[in-house]
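Values quoted throughout were computed directly from the atomic coordinates according to the rules given, and no laboratory measurement underlies them. Only a predicted model underlies this, so the values are computations on that prediction, with no experimental measurement involved. Cβ sites come from the backbone with ideal geometry, for glycine too, and all protein chains shown count toward neighbours.
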Amino acid sequence: MKPRHKRLAIAGGVLVAVGAVAALVLSAFESNLVFFYSPSQVVAKEVPDGRTFRLGGMVETGSVQREGVKVSFVVTDTVQKVPVTYEGILPDLFKEGKGVVAQGTVQAGVFQAREVLAKHDENYMPPEAAEALKRAKEGGQMQSSQAGKGAQP
């Protein structure tokens, strides 16, 4: 084999190896990517089927029901509500009327949480949750104001 052909073979091998590594890295990144959705987006079925995602909002007051380590509660963004079930120990800061982010999947209209995160002080809310609550409130106000306009002659 000529030196020129050896160099081409080495360059081709390096190119194939780099491509394989890039494909593996992108595959691992995609499988570990977790998106955030609000209850309004979950009810509108904007969530990916069979994929893990994060649901964020407020724990509805009076919705927490405990049976040993099994807990069910409702997460709301003040417009829509999503029932959540979780089996495990909840964080100490988990309370009704407070912010929560749960990670899991939707099965038969119920969010099955594998992990529950509570906000960590009086004033903090994850930016995604705050933005989702803000959009939901604005959307709810626009819908109610449009409904009111349609009723008037």
Legend entry - Filtered residue count, segment 43-59, keeping only those that are within 13 Å of the chain's Cα centre (by Cα) and assigned to a strand (DSSP E or B): 5
Legend entry - Selection from segment 25-46 of residues that are surrounded by fewer than 20 Cβ atoms within 10 Å (Cβ to Cβ) and not small (Gly, Ala, Ser): Val25, Leu26, Phe29, Glu30, Asn32, Leu33, Val34, Phe35, Phe36, Val43, Lys45, Glu46
Legend entry - Scope segment 47-81; condition of a type in the set (D, E, K, R) and crowded, with 16+ Cβ neighbours inside 10 Å; matching residues: Arg54, Glu60, Asp77, Lys81
